[in-house]
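Take a look at the structure below.
The values are calculated or read from the model by the stated rules, or taken from the named source; none is laboratory data. Being a predicted model, the structure only gives us computed values, none of them experimental. Cβ placement follows ideal geometry from the backbone for every residue including glycine, while neighbour counts extend to all protein chains displayed. SASA here: full protein model, heavy atoms, side chains in, ligands and nucleic acids out. Shrake-Rupley method; radii C 1.70, N 1.55, O 1.52, S 1.80 Å.
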Amino acid sequence: MEQVFSYIINLGASVMMPILFTVIGLCIGMKFGKAIKSGLFVGVGFIGLNVVTKLLTDNFTSPLEGISELYDLALSVFDMGWPAAAAVAYNTAVGALIIPILLGVNFLLLFTKCTRTVNIDLWNYWHFAFIGAVAYFVMDKSLAWGYFAAIVCYVVTLVMADLTADKFQQHYDLPGISIPQPFCQSFTPFAVLINKALDMIPGFSKLDVDAEGLKKKFGVLGEPLVLGVIVGALIGIAAQLDVKKVLVLGVTMGAVMELIPRITSLFIDGLKPIAEKTQEVVKQKFSGKKVYIGMSPALVIGHPTTLVCSVILIPVILVIAVALPGNQFLPLASLAGMFYIFPLVLPYTKGNVVKTLIIGLVALMIGLYFVTDMAPAFTQAAHEVYEATKNDAAKIPAGFEAGALDFASSLFGWVIYKCVSSLEYVGMGLLSGVAVVMLFINRRRIVADEKVNQ
């Protein structure tokens with residue numbers, strides 16, 4: 001079973017997705033040539049993104065660990081990265097059936113008009129399995145609690161995907177697409193509330209600078225490519241590397257900044273024809289109805305504002321993590337996940353670099369406390385999985401607890417964890433109530449919209 005889900009995680013995006021999207025294209029009436037071309041573009045995009053992410057982690061993990069040792073920055077919660085969280089997610093009884101169970105929930109909600117999103121972001125189902133696995137272990141290996149936590153997280157994420165779909169589609173020009181990924185969706189409340197608060201500050205509107213405006217204001221220094229080179233080189237200098245290695249780090253970070261938007265354009269080239277054809281078919285056969293294709297946020301992480309904010313926050317969050325009172329988590333291996341904070345923030349800030357940076361910083365600072373608080377449960381789950389499977393991804397270094405920026409730092413994950421572990425049945429009631437109310441509100445929106453369109 002471990003090998004099966006390892007295959008899904010590691011090869012699903014690059015191998016299974018071309019097949020899946022080709023089949024989807026054929027089912028909605030696309031010609032075979034166009035369907036297979038769309039599927040291959042998506043597969044090539046994921047392979048390219050995996051290569052670029054590996055380039056970032058392989059080159060920067062060692063210097064960042066060196067900085068931690070040089071300046072005695074080590075904290076008690078070790079950054080295990082997303083592979084450890086995914087290993088915990090899929091190597092439990094909860095993870096074994098998470099994909100078919102959640103797909104069943106998705107189609108039930110679709111048929112009952114409680115959602116418009118069909119979540120085919122299969123490789124990110126591990127986020128739901130992860131919170132389910134944590135609940136499973138903290139509640140004495142209870143499958144009922146594990147599946148409850150995973151399903152609640154899934155339901156909330158589907159509704160959020162619907163609620164944010166219009167703004168997402170307008171901002172990125174991606175009709176028919178929504179983002180049912182809980183890590184990204186958990187930053188939407190921060191985006192809405194902080195964006196409104198910033199708008200209330202007199203004179204703040206003068207700081208309305210997007211990525212293009214940044215280039216005009218700072219010239220070549222405002223380019224993501226150049227910012228990447230500068231930040232990469234500064235990390236090398238802080239790690240006390242020689243000149244050659246400093247230059248290599250600078251060029252590597254610059255390459256990542258330049259390659260990501262080029263690679264993500266492949267996703268859009270593959271998905272746009274399928275999304276447009278889907279909307280065409282739905283309009284013809286189901287008057288007034290909409291269906292969203294739930295996709296990975298990898299589609300849009302190449303946006304210039306996302307790149308600029310991510311590369312600035314990487315060194316900033318390292319300093320803040322050490323200075324933040326009560327925090328015990330130093331993000332190192334998880335820093336490649338920084339790009340995924342912003343896909344659903346930008347539609348609310350309209351690409352404003354200053355607003356996006358502030359929202360990202362606040363959300364990350366709070367997220368560090370989430371990781372620290374969840375560390376004992378993550379550690380218990382990782383130990384159990386390692387003892388059962390000997391999977392090195394789940395092996396925690398001696399003297400540390402386990403943590404990861406990916407989903408363990410998210411609002412959704414932490415709230416569900418606290419309700420389950422601290423409030424038990426009261427927490428179950430609260431979470432159930434929230435999920436039901438969100439479904440009710442979403443269904444009313446969908447039904448009202450269909451009546452208007454008819």
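For 82, 126, what's the largest-to-smallest order of accessible area, 1.4 Å probe?
Values: 82 100, 126 10 Å².
Largest accessible area first, the list is 82, 126.
In segment 316-454, Cα pairs under 8 Å separated by at least six residues give a relative contact order of 21 percent.
For segment 295-454, the solvent-accessible area with a 1.4 angstrom probe is 37 square angstrom per residue.
Only one of (i) 180; (ii) 150; (iii) 128 was calculated from the structure for volume of the Cα convex hull per residue in Å³, and its label is (ii).
Solvent-accessible area per residue in segment 104-173 equals 31 Å², computed with a 1.4 angstrom probe and all protein chains kept. Per residue, segment 14-65 exposes an accessible area of 50 Å² to a 1.4 Å probe, with every protein chain left in place.
Applying 0.36 nm per residue to the separation of residue 366 and residue 71 and subtracting their alpha-carbon distance, the gain on full extension is 103.8 nm.
Packing, as the average of other Cβ atoms within 10 Å across residues, places the peptides 139-145, 92-98, 72-78 in the order 92-98, 72-78, 139-145, highest first. The Rg/Rh ratio for segment 244-284 is 1.43, where Rg is the radius of gyration of the alpha carbons and Rh is the Kirkwood radius. Based on Cα contacts under 8 Å between residues 6+ apart, the chain shows a relative contact order of 25 percent.
Residue 386 exposes around 50 Å² of accessible area when a 1.4 Å probe is run over every protein chain in place.
Mean separation of Cα pairs under 8 Å and 6+ residues apart, divided by the residue count of segment 103-245: what relative contact order is that in percent? Please list the in-between numbers first.
Numbers: 96 pairs, mean separation 21.4, N = 143.
Worked out over segment 103-245, it gives 15 percent.
In this model, which of 141/418; 277/350; 290/350; 37/272; 113/272; 167/277 are farther than 19 Å apart at the alpha-carbon? Result: 277/350; 290/350; 113/272; 167/277 exceed 19 Å.
For the chain, the fraction of 1.4 Å probe accessible surface lying on carbon and sulfur atoms is 66 percent.
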